[in-house]
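Peer 1: Before we start, here is the structure in question, set down as structure tokens.
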Amino acid sequence: MDSLDIQEVMRARQGDREAFTRLMRQLETPMYAVAKQIVQRDEDCADAMQETVFIAYKSMYTLREPAYFRTWIIRILINECRRLLKQRNKQVPLTDLSDKPSPSPEEDGGLELREAIDSLELPMRLVVVLHYIQDLPIKEVARTLELSEGTVKSRLYRAREKLLRWMEKSRGVESQYESR
């Protein structure tokens with residue numbers, strides 16, 4: 001279970017508020033990254049994260065396997081983000097970057113990749129973020145999203161192909177596959 005301490009999870013499960021708070025602080029950045037990919041607006045990320053923490057705290061006793069605490073939290077967050085989008089009846093524009101700050105010169109290279117990831121449909125974007133950005137193994141991504149490992153692998157494959165085409169197109173490079 002990456003950097004989370006199983007003993008800390010056990011203490012939180014038994015009602016230790018400080019242990020729960022420490023766990024949530026450790027997961028704050030990964031949770032924000034996942035929420036940002038789904039709802040995209042900072043205010044919505046904050047709402048989804050706040051509701052996720054509340055739901056997790058109330059239902060901490062239902063966590064069966066402490067080693068999967070991170071997976072459990074991310075699954076709650078994803079469900080909460082989806083609920084938020086549905087409730088607010090939003091259409092998430094995948095290419096709208098207007099509310100994002102201008103990148104600094106050293107971040108500029110990452111902006112192109114960020115735009116490419118944002119251009120993916122949500123199911124592919126989620127597996128890319130969880131696997132490549134959050135560094136979860138395929139098995140953990142499958143468990144988090146309640147999908148088969150084969151489905152996760154398939155989505156990763158299709159996402160890599162789309163990202164490659166997007167990057168080639170944005171750089172004006174003709175794909176070697178298209179020229180055949």
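The values are calculated or read from the model by the stated rules, or taken from the named source; none is laboratory data. Since the structure is predicted, the reported quantities are computational estimates derived from the model, not experimental observations. Neighbour counts run over all protein chains shown; Cβ positions are idealised from the backbone, glycine included. To get the accessible areas, we keep the full protein, side chains included, count just its heavy atoms, and leave off ligands, DNA and RNA. Shrake-Rupley method; radii C 1.70, N 1.55, O 1.52, S 1.80 Å.
Peer 1: Could you list, in sequence order, all residues of the stretch 136-155 that are under 22 Å from LEU4 (Cβ atoms), out of contact with any Asp or Glu (no Cβ under 7 Å at 6 or more places or on another chain) and open to solvent by 50 Å² or more (accessible area, probe 1.4 Å)?
Peer 2: PRO137, ARG143, GLU146 - these are the residues of the stretch 136-155 that are under 22 Å from LEU4 (Cβ atoms), out of contact with any Asp or Glu (no Cβ under 7 Å at 6 or more places or on another chain) and open to solvent by 50 Å² or more (accessible area, probe 1.4 Å).
Peer 1: All but one of (1) among the charged types (D, E, K, R); (2) closer than 21 Å to VAL127 by Cα; (3) under 17 Å from the mean Cα position of the chain (by Cα) hold for GLU43, so report the exception by its number.
Peer 2: So the condition that GLU43 fails would be (2).
Peer 1: Just a yes or no: is a residue in the stretch 14-27 among the aromatic types (Phe, Trp, Tyr), assigned to a helix (DSSP H, G or I), free of Cβ contacts under 8 Å to residues at least 24 places away in the same chain and surrounded by fewer than 21 Cβ atoms within 10 Å (Cβ to Cβ)?
Peer 2: no
Peer 1: Is it the case that THR144 is in contact with a Ser or Thr (Cβ under 9 Å, 6 or more places away or on another chain) and β-branched (Val, Ile, Thr)?
Peer 2: Yes; evaluated as a whole, the condition is true for this residue.
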